[in-house]
């Protein structure tokens, strides 16, 4: 089933329409399909269960999100690189070729069960071939990382833990091996306090001479990892960090105009990009919008002011919801501020924050004339109980999204095994 050569960057021989039409049927029974998948996987491979977290509910959502991401991008020339990076990252799960094969068998069994009459011989053949390509490219990425001497994860000592209010903590870590990364990238984090769970957090600075890295973590209601990192973790503990990843890295040529927009702990990667600019381009000209759901959550202000002193060409605007207003009104105030700005076609935009925030702001930026190719952000599919964000202003009015301005755990689909 697995094509491990990694030589086919696109799924040229697979019937893409058949893949998508079958997946559409399965999506309508998504929760049933994923429950069947894990039951089948654990029943036929009992030893595999210990590789997964105790709470499987979030895991089920992530699996469908990862599959949807691949199905939607079958013709994308960048899909092969994405899958190679995913395989590199999955080394932290101790994912072996045998595990890939077992997952493939259970996935096909689950799809056959959920798709009903839509699961034809042709559909099974197409999905078998498609999964073989996916697994092959992921294994090739894992092999390349191992061949380059890259560890499956980095052990990192906690050297400082600072609290900002009840919900937010800034952790300074010292990896025991050099961690190569670019400003704006993220890592997945694991703690022995929450076994077999990984959550993604952006690195909040350019590489430092002492080798330390900084994470900004907000406690999410019901989030085991964020709660452990904010409330329980202290200096002297050891965390595991995955290989860095992400595309929110500096792309603007020297002298180019740029705008940075961040919501909540989206400040972390933006701070890293600005710290890089201090050393590489102190004459930078641009705009920075720092958004928080209320003033007490505007923890970034002191750092932003310090960076502005070293980047005098940077104009900084802080935005929160007005007193006694709904917290999601901060987004509305941001959009008003963006509409008051000009020359969007001349700017690169670096955008970070919760997935729904990123999607809404990116849509408005395009309306204002920003070239979509110049709007830079990570791909962060939402994690929910198989729900989608509102598509129109009317839908948002009737069902406003929950304002999660510190929402690192919403990035979790990237970490699904």
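The values are calculated or read from the model by the stated rules, or taken from the named source; none is laboratory data. What you are looking at is a predicted structure, and each value in this text was computed from that prediction instead of being measured. Positions of Cβ are generated from backbone atoms using ideal geometry, with glycine treated the same way; all protein chains shown enter the neighbour counts.
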Hey, residue 50 in the same structural domain as residue 134 (by TED's automatic domain parsing), within 16 Å of residue 197 (Cβ to Cβ) and in a loop (DSSP other than H, G, I, E, B) or not: no
Candidate set: segment 207-237, residues that are in contact with a helix residue (DSSP H, G or I) (Cβ under 6 Å, 6 or more places away or on another chain) and under 22 Å from residue 155 (Cβ atoms); chosen: the one surrounded by the most Cβ atoms within 10 Å (Cβ to Cβ): 217
Residue in segment 357-369 that is assigned to a helix (DSSP H, G or I), within 12 Å of the chain's Cα centre (by Cα), surrounded by 16 or more Cβ atoms within 10 Å (Cβ to Cβ) and modelled with pLDDT under 95 present: yes
Some residue of segment 139-154 being under 30 Å from residue 263 (Cα atoms) and either in contact with a strand residue (DSSP E or B) (Cβ under 9 Å, 6 or more places away or on another chain) or assigned to a helix (DSSP H, G or I) (or both): yes
Candidate set: segment 304-329, residues that are part of a loop (DSSP other than H, G, I, E, B) and in contact with a helix residue (DSSP H, G or I) (Cβ under 8 Å, 6 or more places away or on another chain); chosen: the one modelled with the lowest pLDDT: 322
Residue within segment 397-415 that is at pLDDT 70 or above and under 24 Å from the mean Cα position of the chain (by Cα) present: no
Subset of segment 37-55 (residues that are surrounded by 15 or more Cβ atoms within 10 Å (Cβ to Cβ) and either under 26 Å from residue 246 (Cβ atoms) or at pLDDT below 85 (or both)): 52, 53
Within segment 108-120, tally of residues that are surrounded by fewer than 19 Cβ atoms within 10 Å (Cβ to Cβ) and in contact with a helix residue (DSSP H, G or I) (Cβ under 6 Å, 6 or more places away or on another chain): 4
Subset of segment 281-303 [modelled with pLDDT of 90 or more and part of a helix (DSSP H, G or I)]: 301, 302, 303
Cβ pairs under 7 Å, 6+ apart, first in segment 83-98 and over 17 Å from residue 50 (Cα atoms), second modelled with pLDDT of 90 or more and in a loop (DSSP other than H, G, I, E, B): 88/243; 89/242; 89/243
Qualifying positions in segment 165-212 - modelled with pLDDT of 95 or more, part of a loop (DSSP other than H, G, I, E, B) and under 12 Å from residue 239 (Cα atoms): 176
Residue match in segment 260-278 (condition: surrounded by fewer than 20 Cβ atoms within 10 Å (Cβ to Cβ) and part of a loop (DSSP other than H, G, I, E, B)): no
Number of the condition not met by residue 59 [criteria: (1) within 22 Å of residue 118 (Cα to Cα); (2) in a helix (DSSP H, G or I)]: (1)
Candidate set: segment 121-166, residues that are at negative phi and loosely packed, with under 13 Cβ neighbours inside 10 Å; chosen: the one farthest from the chain's Cα centre (by Cα): 121
